[in-house]
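Worksheet: the structure to be examined is printed underneath.
The values are calculated or read from the model by the stated rules, or taken from the named source; none is laboratory data. Here the structure is a predicted model, which is why all the values come from computation and not from measurement. Glycine also receives a Cβ, built like all others from the backbone with ideal geometry; neighbour counts cover every protein chain displayed. Side chains are part of the model used for accessible areas, which takes the heavy atoms of the whole protein and leaves out ligands, DNA and RNA. Shrake-Rupley method; radii C 1.70, N 1.55, O 1.52, S 1.80 Å.
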Amino acid sequence: MSDNLSTLLDALPRLGEGVLVTLQLTLGGAALALVLALLLGLGSRAHRLWVRGPSRVVVEFFRGTSLVVQLFWLFYVLPVFGFRMESLACGILALGLNYGAYGAEVVRGSINAVPRGQWEAAVALDLGPVHRLRRVILPQAWALMIPLLTNLLIQLLKGSALATYILLHDVNYFIEQLRRGTQDTFFSYSVGLLVYFALAYALTLGMNALEVRAKHRLGRGPSLREVLRLAPVPATARGGAA
């Protein structure tokens, strides 16, 4: 065990590089996925068939095909047609397209879950379609989306491990190198589990903070400072006056 720990300590700089690559894949893929989710989710609700139809086709295609195959197709097939991307860009694109399609359903479902009365109130205030979405509907839908998007973000983090197959030196690649160096499968993959858990937990805490902030802006819960006990929690936030 001491030899394993010594090998791990010597390899920490390479582990840091692997974590950085994994975070680049995760955050880059998540940013692209969020943009696509909003565009495709709103497009899937459009009244015009020429907008709704292509949006649904894209969503169903990327949800219905394997992320591994999408990744390999972008990395190995596109160069045949003269389009070549670096491994990192390819990984981010594949993750963004795949999880963006799943996120589109989250966006569509969350918008549909906003009470009908809110839509009617926005119309009564004579707000145009864009202002109606931006000022009334999306803030409420966003608070509903965050827990589901958190699950997708954690899945995206775990899916980033597939980037090893397109020659990226991420955390998964480091784990395999550690296994070869120590000849100890249990130790190496236990380290891998702990690293991925730490990353997932940090991302979850960040998303939970976003959820608290989104709900507080709607008047549905305490502020982030109150949750962190940096400020006293009002009696109303605790469920009523004492």
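Over the chain, what percent of the accessible surface lies on carbon and sulfur atoms, probe 1.4 Å?
Of all accessible area on the chain, carbon and sulfur atoms account for 65 percent.
Using the scaling law 2.2 N^0.38 Å as the reference, what is the normalised Cα Rg of the chain?
After normalising by residue count via 2.2 N^0.38 Å, the value is 1.24.
Compute from the Cα atoms of segment 71-116 the Rg and the Dmax, the latter being the longest Cα-Cα distance, and quote both in angstrom.
For segment 71-116, the Cα-based Rg and Dmax read 15.7, 50 Å.
Explain nothing, just the number: dipole magnitude of the chain about its Cα centre with +1 on each Lys and Arg Cβ and -1 on each Asp and Glu Cβ, in debye rounded to the nearest 20. Let's see the in-between values first.
Details: 22 positive and 13 negative charges, 237 e Å.
Dipole of the chain, to the nearest 20 debye: 1140 debye.
Taking the Cα centre of segment 1-110 as the origin and placing charges on Cβ (Lys, Arg +1; Asp, Glu -1), which of G29, L49, L88 is farthest toward the positive end of the dipole?
Towards the positive end, the residue furthest out is L49.
Using a probe radius of 1.4 Å on heavy atoms only, what accessible surface per residue do you get for segment 1-115? Whole Å² is fine. Display every interim value, and only then the final one.
Details: 6330 Å² over 115 residues.
Per residue, segment 1-115 has an accessible area of 55 Å².
Compare the peptides 107-116, 171-180 by average per-residue count of other Cβ atoms within 10 angstrom and give them in order, highest first.
On the way: 107-116: 16.4, 171-180: 19.2.
Listed from highest to lowest mean packing, they are 171-180, 107-116.
Would you compute, from DSSP H runs of 4+ residues alone, the mean residue ellipticity of the chain at 222 nm, taking -39500 (n - 2.57) per run and dividing by the full residue count, rounded to the nearest 500?
So the helix-based figure for the chain works out to -23500 deg cm²/dmol.
On C-alpha positions alone, give me the angle between the axis of helix 12-43 and the longest principal axis of the chain, in degrees, nearest 10.
That helix lies at roughly 30 degrees to the long axis.
Does segment 20-87 come out rounded, prolate or oblate by the C-alpha gyration tensor, with a ≥ b ≥ c the root eigenvalues, rounded set by a/c under 1.5 and, if not, prolate when a/b is larger than b/c and oblate if not? Working shown, then result.
Details: a/c = 2.47, a/b = 1.52, b/c = 1.63.
Note, shape of segment 20-87 comes out oblate.
Convert 20 °C to kelvin, take the viscosity as 1.002 mPa s, use the Kirkwood radius over C-alpha pairs of segment 1-128 as Rh, and evaluate the Stokes-Einstein diffusion coefficient in µm²/s, rounded to a whole number.
On the way: Rh = 17.5 Å.
The calculation lands on 122 µm²/s.
May I ask you to list the chymotrypsin sites (Phe, Trp or Tyr not before Pro) in segment 49-134 that are in a DSSP loop and have at most 14 other Cβ atoms within 10 Å of their Cβ? It would help to have the intermediate numbers written out before the result.
On the way: sites: W50, F61, F62, F72, W73, F75, Y76, F81, F83, Y99, Y102, W119; in loops: F83.
Hits after loop and neighbour filter: F83.
Cα centroid distance between segment 98-116 and segment 1-50, in Å?
If you average the Cα positions of each part, the centres end up 21 Å apart.
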